[in-house]
Amino acid sequence: RRFGGTGLGLTISRHFCRMMGGDITVTSEAGVGSVFTVTLPILPSEQAPDDLDDDLDGEAAPQREITILVVEDDQITNDMLRQMLERAGWRVLQARDGDAALRLVALANPQVLVLDLSLPRMDGTMLLQALRRNADWHAIPVVIVTGKDLSAADRSALQPDVAAILTKGSYSRE
């Protein structure tokens, strides 16, 4: 490989696609390249957003932006996640601790959270509990990205409240 990466971008993209009822697949041929395919369901017309402008005169309707809040105290990891997610077309907000994350959730209403568990002041578990207690925020999908070596019991305790748990440094292409 000429250009390396952690594999996190594809992993997160796949989880987001699956959360939206789709998937992402890759086919690769050495020396030729890779093809990434994203499939997402189309909303039936009765479920389509009602605020699309019918007077666009043949122009494409504006694309709805998905906002992802990355909650990570390590600046390098925070920047890496932001760059990967922005390249994938998502709007990214960043918080370095749980208190800042709660303020951003209240202000920006993100559709997805990418959350580290090891945060200063309010850790990721406490933030997750605060989100789940709030009726307006309890359904926001959360992807845990952690450097912690979680036990089976830890994973089991988190599982009902999160869409995925990823361990930093051990990403696969799935």
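Summary table below
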{"read-out": "Debye equation applied to the C-alpha atoms of segment 72-173, log10 I(q)/I(0) at 0.10, 0.11, 0.17 Å⁻¹", "value": "-0.25, -0.31, -0.77"}
{"read-out": "Approximate spin-label separation Asn134-Glu29, in nm, with each point projected 7 Å along Cα-to-Cβ", "value": "5.0"}
{"read-out": "Å² per residue, accessible surface of segment 87-167 at 1.4 Å", "value": "51"}
{"read-out": "Sequence-separation-based contact order of segment 62-174, relative, with Cα cut under 8 Å and 6+ spacing, percent", "value": "23"}
{"read-out": "Percent carbon-and-sulfur accessible area, segment 74-174, ignoring ligands, DNA and RNA, probe 1.4 Å", "value": "50"}
{"read-out": "Two-decimal ratio, segment 80-138, of alpha-carbon radius of gyration to 2.2 N^0.38 Å", "value": "1.12"}
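The values are calculated or read from the model by the stated rules, or taken from the named source; none is laboratory data. Predicted model, so just to flag it, every value in this text is computed and none were measured. Positions of Cβ are backbone-derived with ideal geometry, glycine not excepted, and every protein chain shown enters the neighbour counts. SASA here: full protein model, heavy atoms, side chains in, ligands and nucleic acids out. Shrake-Rupley method; radii C 1.70, N 1.55, O 1.52, S 1.80 Å.
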